[in-house]
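The values are calculated or read from the model by the stated rules, or taken from the named source; none is laboratory data. The model shown is predicted, which means the values in this text are computed figures rather than measured ones. All Cβ positions, even for glycine, are placed from backbone atoms using ideal geometry, and neighbour counts span all protein chains on display. The area values use the complete protein model at the heavy-atom level, side chains included, leaving out ligands, DNA and RNA. Shrake-Rupley method; radii C 1.70, N 1.55, O 1.52, S 1.80 Å.
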Protein chains: 2
Amino acid sequence: MKLENTKIQMRKGVLEYCILSIIARKEAYASDILNTLKGAQLLVVEGTLYPLLTRLKNSGLLSYSWQESTGGPPRKYYQLTELGEQFLKELDLTWNDLVHAVNVTTNHKSNDHE
Amino acid sequence: MKLENTKIQMRKGVLEYCILSIIARKEAYASDILNTLKGAQLLVVEGTLYPLLTRLKNSGLLSYSWQESTGGPPRKYYQLTELGEQFLKELDLTWNDLVHAVNVTTNHKSNDHE
DNA sequence: AGAAGGTAGCTTGCAATACAAAGTAGTGTA
DNA sequence: TACACTACTTTGTATTGCAAGCTACCTTCT
């Protein structure tokens, strides 16, 4: 039972929420998102992100537009749709419920300040 | 994109942590565990719990003993092994890290008091 | 004694998602 | 043109929760 695997499993299911939040703040393309996640110690790889972005787009939560980059290939910038913003609000509540439920179950004292 | 599905996905990966925590406090059998989880608004079904308990036992984190019940069939009570207790300590940290990372990413203000 | 009801444990097929790895494509520079 | 870098995409694999169905034990009722 690898701790690293447990981290991966715990990460499952919350990435959607994180990614929608990142995009909600400011339209972003994949590398932006990966770097923001990395900055928060959430290490995610392309093979995860791209299919996820596609799923969110196909579900109507995201839209995208192509934009020229300053010196490389064009980039696919994503924005939240109206539906996406609504959904994100639900996810805020859902996440909060989950944290509360887990902390109650584990009798966990959160050190989180925010 | 169903919100209910998102809840399920978010739940994945944290149940192991919750279950180990419940058992760490006091040895328990499956229905105990299900009821405790239900009490914390974590609805889990037998099809999830039994394979999970088996996996944890096979990984050396849990041990079990059969005990007579007061009026029904015998029960399988689980306890944490030494290894299980060590692992749970790691999970405490891991969970805390994840909550922090997600809250940072989502700019989430936790309403959790604990 | 047998049936019914309740409790307890178990398994399997399916769906969803993260990872690892490999590949394609556009732009700029040597 | 070839190479390096950036950006996007896809696929096979592994893991885990859910839904559904099943077996088995104990007690009570007929």
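General observations
- The numbered conditions (1) out of contact with any helix residue (DSSP H, G or I) (no Cβ under 8 Å at 6 or more places or on another chain); (2) more than 12 Å from DNA strand C (Cβ to nearest atom) are all true for A:P73 except (2).
- Assessment of the range A:42-51 against the conditions (in a loop (DSSP other than H, G, I, E, B), within 16 Å of the chain's Cα centre (by Cα) and free of Cβ contacts under 8 Å to residues at least 12 places away in the same chain) yields at least one matching residue.
- Number of positions in the range B:37-57 that are within 9 Å of another protein chain (Cβ to nearest Cβ) and within 15 Å of B:S21 (Cα to Cα): 5
- Filter pass, B:L37 being more than 9 Å from DNA strand C (Cβ to nearest atom), closer than 23 Å to A:K7 by Cα and either open to solvent by less than 40 Å² (accessible area, probe 1.4 Å) or not aliphatic (A, V, I, L, M) (or both): yes
- The range A:82-97, residues that are open to solvent by 80 Å² or more (accessible area, probe 1.4 Å) and either over 11 Å from A:L62 (Cβ atoms) or modelled with pLDDT under 95 (or both): A:E82, A:Q86, A:K89, A:E90, A:L93, A:D97
- The single residue among A:Q67, A:Q79 that is away from every other protein chain (no Cβ under 14 Å), surrounded by 14 or more Cβ atoms within 10 Å (Cβ to Cβ) and either closer than 15 Å to B:L98 by Cβ or of a type in the set (S, T, N, Q) (or both) turns out to be A:Q79.
- Scanning the range A:55-76 for residues that are under 13 Å from the mean Cα position of the chain (by Cα) and either assigned to a strand (DSSP E or B) or within 8 Å of DNA strand D (Cβ to nearest atom) (or both) returns a single hit, A:L62.
- Residue that is least open to solvent (accessible area, probe 1.4 Å), among those in the range A:1-33 that are part of a helix (DSSP H, G or I) and more than 12 Å from chain B (Cβ to nearest Cβ): A:A30
- Condition check for B:G60: open to solvent by less than 60 Å² (accessible area, probe 1.4 Å), within 13 Å of another protein chain (Cβ to nearest Cβ), on the phi > 0 side of the Ramachandran plot and not β-branched (V, I, T): yes
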